[in-house]
Amino acid sequence: MKVWREVVEDVNVEVLEFDDTVETVEKASRLSGYPPQMIIKTLLTRSDDNEYMIFIVRGDRRIDHGKVEKYFKKKIFLAKPDEVKRFLGADVGAVTPLSSKIKTLKIIVDPMILEHEYIICGGGSLNRLYKIKTTDLIKYLNPQIIDLFK
């Protein structure tokens with residue numbers, strides 16, 4: 001693993017680059033040495049009325065579709081890989097929350113990520129992760145922090 005510091009979208013990050021891919025929480029955890037609770041997933045969803053939203057969820061949790069439906073009064077579905085590529089310019093498993101494209105959407109963050117000073121997130125390619133201060137990510141995204149996860 002190669003590690004260096006960089007500024008991405010005006011946010012200080014530590015870049016973790018691997019020879020292997022880190023497209024799942026399990027692989028990211030194994031290769032980085034960080035527990036799944038410190039790794040976040042950035043998920044693009046589409047609602048039944050075609051609104052795209054981003055859900056940022058802790059690695060050991062997932063979206064609770066029942067809570068989402070009750071809260072937003074609509075159903076959501078994970079975007080298909082071609083939608084993720086077209087909409088966010090990255091492959092599934094490589095999406096980074098540090099993206100101006102993501103900031104144009106409604107963003108829902110799992111409050112459980114706030115338990116950690118730092119989180120590990122996608123780094124924009126299948127073999128790269130970013131380690132970022134959780135407060136910096138929240139400041140950058142300005143999301144809604146709602147527990148719609150399980």
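The values are calculated or read from the model by the stated rules, or taken from the named source; none is laboratory data. Here the structure is a predicted model, which means the values were calculated and not measured. Here the Cβ is made from the backbone with ideal geometry for all residues, glycine too, and neighbour counts use every protein chain on show.
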Give the range 91-116 a look and list any residue that's acidic (Asp, Glu) and within 13 Å of Ile40 (Cα to Cα), or say none.
Asp110, Glu115
Residues in the range 91-100: is at least one over 21 Å from Val7 (Cβ atoms) and charged (D, E, K, R)?
yes
Being touching a helix residue (DSSP H, G or I) at 6+ places or on another chain (Cβ under 8 Å), at pLDDT 95 or above and of a type outside the set (Asp, Glu) narrows it down to one residue among Val13, Val25; which is it?
Val25
How about the range 139-150: which of its residues are surrounded by 17 or more Cβ atoms within 10 Å (Cβ to Cβ) and either among the aliphatic types (A, V, I, L, M) or under 16 Å from Thr96 (Cα atoms) (or both)?
Tyr140, Leu141, Pro143, Leu148
Lys133, sole failed condition from (1) over 14 Å from Ile54 (Cα atoms); (2) surrounded by fewer than 19 Cβ atoms within 10 Å (Cβ to Cβ); (3) of a type outside the set (S, T, N, Q); (4) touching a Ser or Thr at 6+ places or on another chain (Cβ under 9 Å):
(4)
